[in-house]
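Before anything else, here's the structure in question.
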Amino acid sequence: MTGHVAIVTGGTRGIGASISQALMKAGYRVAATYQADDIAAETFRRSTNVAVFRWDVSHHDDCIKGIQTVQQQLGNIDVLINNAGITSDSMFHKSTAQDWTKVLNTNLVSCFNMAHAVIGGMRERNYGRIINISSINGQKGQLGQTNYAAAKAGIIGFTKALALENARKNITVNAIAPGYIATDMVKAVPQEALDKIVAQIPVGRLGEPEEIARAVVFLAAEEAGFITGSTLSINGGQYMV
């Protein structure tokens, strides 16, 4: 049992919910953030006993205030999982500045907002684990996702640079790049389109959220201190780097 405090952005649904539960099972005190869906968050809290907190991770000041609240209730944050993300897909020539800004702010700027708010404390305590959730489409690109792919690729560069800056402080920074995972969003894709996606995955199936969560628990562990600046691809062999 670790006793460390972990915060998971977008931690009440999809991959984030699995991460929150896996960390709690591993002995962490977990705070899961969400932005809008109070009903889903409360349902998640009641079924898991994971503490939930509402704020917009794309807003710097909201992150500072939210993290202060988490620290008051649970203690200093030792583990940060930057998982929150959205899509707003369209071909680039049809996309809008709002589509671009919204996705970049939620998916990439949020990583700065959250990490910037906790890194000082981690450096003072000489310990920290930051894990950023990227995507296969940040590695290989995807039609209709210039905004999403740019944000997720940016996360990988952010991860490497932040890892270099903090390695001597016993703070590791790593990324995970999931492929297509069986979340509600993916399973809502029309069956014909879903079949085409699965046909491109060598292992012949979608990934499970729990498979991403297990990797997070591994990288968050004290024993993973020699792994930093890495990007772990979990995509069933669909894209090999």
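The values are calculated or read from the model by the stated rules, or taken from the named source; none is laboratory data. The shown structure was predicted, so the numbers you read here are calculated from the model rather than taken from an experiment. Positions of Cβ are generated from backbone atoms using ideal geometry, with glycine treated the same way; all protein chains shown enter the neighbour counts.
For ILE130, all conditions in the list (1) under 28 Å from VAL217 (Cβ atoms); (2) in contact with a Leu (Cβ under 9 Å, 6 or more places away or on another chain); (3) assigned to a helix (DSSP H, G or I) hold save one; what is the number of the exception?
(3)
Also, quick follow-up: Quick one: which residue in GLY236, GLY204 is buried (at least 17 other Cβ atoms within 10 Å of the Cβ), farther than 18 Å from VAL79 by Cβ and not acidic (Asp, Glu)?
Going through GLY236, GLY204 in turn, the sole match is GLY236.
Shifting gears a bit: Name the pairs: first residue in region 147-167 and under 12 Å from ILE133 (Cα atoms), second residue part of a helix (DSSP H, G or I) and of a type in the set (A, V, I, L, M, F, W, C), Cβ to Cβ under 7 Å, at least 6 apart or on different chains?
Listed by first residue and then by second, the contacts come to ALA151/VAL103; ALA151/LEU104; ALA151/LEU108; GLY154/LEU108; ILE155/LEU108; ILE155/CYS111; PHE158/CYS111.
Which residues, counting only those in region 87-116, are aliphatic (A, V, I, L, M) and surrounded by 17 or more Cβ atoms within 10 Å (Cβ to Cβ)?
VAL103, LEU104, LEU108, VAL109, MET114, ALA115
Would you kindly identify the helices (runs of 4 or more DSSP H) lying entirely within region 142-221 that contain at least 2 residues that are more than 24 Å from ALA40 (Cα to Cα) and modelled with pLDDT of 95 or more?
146-166, 191-199, 209-220
OK, next. Could you tell me whether region 44-57 includes any residue that is surrounded by 24 or more Cβ atoms within 10 Å (Cβ to Cβ), modelled with pLDDT of 95 or more and out of contact with any Phe, Trp or Tyr (no Cβ under 8 Å at 6 or more places or on another chain)?
Yes: one or more hits.
List the pairs whose first member sits in region 62-86 and is surrounded by 22 or more Cβ atoms within 10 Å (Cβ to Cβ), whose second member is among the acidic types (Asp, Glu) and modelled with pLDDT under 95, and whose Cβ atoms are under 6 Å apart, counting only residues at least 6 apart or on separate chains?
none
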